[in-house]
Amino acid sequence: MNEIEIKVKEYIKRKCYGKENSETYSHLAFYLNLNEREVRDIVSTLVTLYQAPIGSSQQGYFYISNDEEFRLAHSELISRIKALAKRAKALRLGYARSKQEYKPRQMELLV
């Protein structure tokens with residue numbers, strides 16, 4: 001873990017312990033003097049690479065303090081995965097449909 005990752009993890013563990021102390025990534029960015037993208041990327045790294053128990057909800061990021069918060073954070077991720085899978089499928093179908101609509105039009109232009 002690099003210095004910035006440690007700083008973010010320790011801040012969240014100390015100041016955002018438990019869902020009731022959640023902070024948005026924009027607040028974290030302000031307090032940690034980072035940009036919002038950096039905060040999201042660092043939190044993602046902390047969770048995926050270092051398995052830090054950092055959850056997120058609509059209220060923001062929080063350091064998971066109990067089983068209920070774990071279930072909430074986990075179900076939030078599963079919900080996002082399902083929404084992204086639905087979006088990916090719609091994109092694939094929409095692209096396939098647009099290719100079919102475009103081909104006949106190409107033929108008309110050749111005639």
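Report every pair of residues separated by at least 6 positions or lying on different chains whose Cβ atoms are under 7 Å apart, first residue within region 46-69 and in a strand (DSSP E or B) and of a type in the set (Ser, Thr, Tyr), second modelled with pLDDT under 95 and crowded, with 19+ Cβ neighbours inside 10 Å.
Tyr61/Tyr25
Quick one: which of Glu76, Glu68, Glu38 is of a type in the set (Asp, Glu), modelled with pLDDT of 95 or more and under 19 Å from the mean Cα position of the chain (by Cα)?
None of the other options fit; the residue is Glu38.
Kindly indicate whether Glu108 is modelled with pLDDT under 95, surrounded by 10 or more Cβ atoms within 10 Å (Cβ to Cβ), of a type outside the set (S, T, N, Q) and not in a loop (DSSP other than H, G, I, E, B).
For Glu108, the condition - modelled with pLDDT under 95, surrounded by 10 or more Cβ atoms within 10 Å (Cβ to Cβ), of a type outside the set (S, T, N, Q) and not in a loop (DSSP other than H, G, I, E, B) - is not met.
Taking region 48-65 as the search range and keeping residues that are within 19 Å of Ser26 (Cα to Cα) and surrounded by 17 or more Cβ atoms within 10 Å (Cβ to Cβ), which one is farthest from the chain's Cα centre (by Cα)?
Result: Tyr63.
Report whether or not Glu101 is assigned to a helix (DSSP H, G or I) and at pLDDT below 85.
yes
I'd like to check something: does region 17-32 contain any residue that is small (Gly, Ala, Ser) and outside any helix (DSSP H, G or I)?
Yes, because at least one residue in region 17-32 is small (Gly, Ala, Ser) and outside any helix (DSSP H, G or I).
The values are calculated or read from the model by the stated rules, or taken from the named source; none is laboratory data. These numbers were taken from a predicted model, which means no experiment stands behind them. Note that we place each Cβ from the backbone using ideal geometry, even for glycine, and neighbour counts take in every protein chain shown.
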